[in-house]
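*Asks:* Sharing a structure here in structure tokens format.
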Amino acid sequence: MNGIVPYMKRDFTKWFRGRVAVISSLVMPAAWLIFVGLALPVQFTGNYLDFITPGILVMTMLSAGLSGGALLMFDKILGFLNKFLALPTPRSSILVGKILFITGRGLIQTTIILIIALLIGATLLNPVQYALTYFILFLFGVLISAFATTIALYLDDHDSYSAFNTMISMPLFFTSSALMPYSVMPAWLATIAHFNPLSYAIDAVRDVTAGGFPVLPLLVLLVLTGCVLAICTHVFRRVTV
């Protein structure tokens, strides 16, 4: 853990210094929450803000994970990665520190979005429900961070990664269960949504807010996270040989 903390501290320090980046990362999810959650007329739920908040929280983690995937690429391009590899700390600390930073940054952003949701009328949950919600968001954050880092290491080019990020972010969100339940989706969209990893995270958070325990979505997220982490570790080792 001593080798992981300095890498995380470095990235957090750099992130907090970029105030514009911190604020701009919250604009889109906050706008979705306020303008869609409060203004969109729906008939399938009594409080659409409560329904859409889990989707916005997961979308915030998605955005944080995808935008953070290129951090290791920048370290490699700028020469920092070679310097880190020369240090006596285990090489895996670099990858773990980066993934935990990206996930931690996403959790900070989701906390702010959650506070906004409560201020504009979302239902207040109990501490156990919030603890489970944060665990699900953490797990999903690790999954997306590892996935994005793997893609960034494969592409090894910022422009290509930016294009990939743009290509998948909104389609992933719109083909999930973020905006509507499966029952009101067209059949083809419901089929896609059932295979979308975002849907498992969103459904898990919704189950928690409804007072249940999301056994199946959690198991799927755990398996996906383990598989993606294994692939990410393999790619990182190959790149840093």
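*Asks:* Considering only residues that are hydrophobic (A, V, I, L, M, F, W, C) and free of Cβ contacts under 8 Å to residues at least 12 places away in the same chain, look in segment 170-181 and name the one that is surrounded by the most Cβ atoms within 10 Å (Cβ to Cβ). Steps first, please.
*Replies:* Filtering segment 170-181 down to residues hydrophobic (A, V, I, L, M, F, W, C) leaves 170, 172-174, 178-180.
Cutting the leftovers down to free of Cβ contacts under 8 Å to residues at least 12 places away in the same chain gives us 170, 174.
Values: Met170: 11, Phe174: 14.
Ranking the candidates gives Phe174 first.
*Asks:* If you take the residues of segment 90-124 that are over 21 Å from Leu153 (Cα atoms) and assigned to a loop (DSSP other than H, G, I, E, B), which of them is most open to solvent (accessible area, probe 1.4 Å)?
*Replies:* Across segment 90-124, the extreme among qualifying residues is Leu124.
*Asks:* Name the residues in segment 74-84 that are among the hydrophobic types (A, V, I, L, M, F, W, C) and surrounded by 14 or more Cβ atoms within 10 Å (Cβ to Cβ), would you?
*Replies:* Let us first name the residues in segment 74-84 that are among the hydrophobic types (A, V, I, L, M, F, W, C), namely 74, 77-78, 80-81, 84.
Within segment 74-84, Phe80, Leu81, Phe84 qualify.
*Asks:* How many residues are outside any helix (DSSP H, G or I) and without any contact (Cβ under 8 Å) to a residue 40 or more places away in the chain if we restrict to segment 182-241?
*Replies:* Restricting attention to segment 182-241, the residues satisfying the condition of being outside any helix (DSSP H, G or I) are 185-186, 195-196, 210-214, 240-241.
Now narrow it down to the ones that are without any contact (Cβ under 8 Å) to a residue 40 or more places away in the chain: 185-186, 195-196, 210, 212, 241.
So the count comes out to 7.
*Asks:* If you check Ile4, Ile23, Ile56, Ile52, which single one turns out to be at pLDDT below 85, farther than 25 Å from Asp157 by Cα and crowded, with 17+ Cβ neighbours inside 10 Å?
*Replies:* The match here is Ile4.
*Asks:* For segment 213-223, indicate whether the set of residues that are open to solvent by less than 60 Å² (accessible area, probe 1.4 Å) and touching a Gly at 6+ places or on another chain (Cβ under 8 Å) is non-empty.
*Replies:* The first filter runs over segment 213-223 and keeps only residues open to solvent by less than 60 Å² (accessible area, probe 1.4 Å), leaving 214, 217-218, 220-221.
This time we only want the ones that are touching a Gly at 6+ places or on another chain (Cβ under 8 Å), so: none.
No, the conditions are met nowhere in segment 213-223.
*Asks:* For segment 139-169, which residues satisfy the criterion of being of a type in the set (Gly, Ala, Ser) and open to solvent by 10 Å² or more (accessible area, probe 1.4 Å)? Please lay out each step first, then the result.
*Replies:* Of the residues in segment 139-169, the ones of a type in the set (Gly, Ala, Ser) are 141, 145-146, 148, 152, 160, 162-163, 169.
Selection gives Ser160, Ser162, Ala163, Ser169.
*Asks:* Pairs, please: C-beta under 7 Å, at least 6 apart or cross-chain, first residue farther than 14 Å from Tyr200 by Cβ and part of a loop (DSSP other than H, G, I, E, B) and in segment 125-141, second of a type in the set (S, T, N, Q) and open to solvent by 40 Å² or more (accessible area, probe 1.4 Å)?
*Replies:* Pairs found: Leu125/Thr209.
*Asks:* Exactly one of these conditions fails for Ser176: (1) closer than 15 Å to Gly55 by Cβ; (2) part of a helix (DSSP H, G or I). Give me its number.
*Replies:* Against the list (1) closer than 15 Å to Gly55 by Cβ; (2) part of a helix (DSSP H, G or I), Ser176 comes up short only on (2).
The values are calculated or read from the model by the stated rules, or taken from the named source; none is laboratory data. Computed from a predicted model, the values in this text were never measured in an experiment. Cβ coordinates were reconstructed from backbone atoms using ideal geometry, including for glycine residues, and neighbour counts include every protein chain displayed. Please note that ligands, DNA and RNA were not included when accessible areas were found on the heavy atoms of the full protein model with its side chains. Shrake-Rupley method; radii C 1.70, N 1.55, O 1.52, S 1.80 Å.
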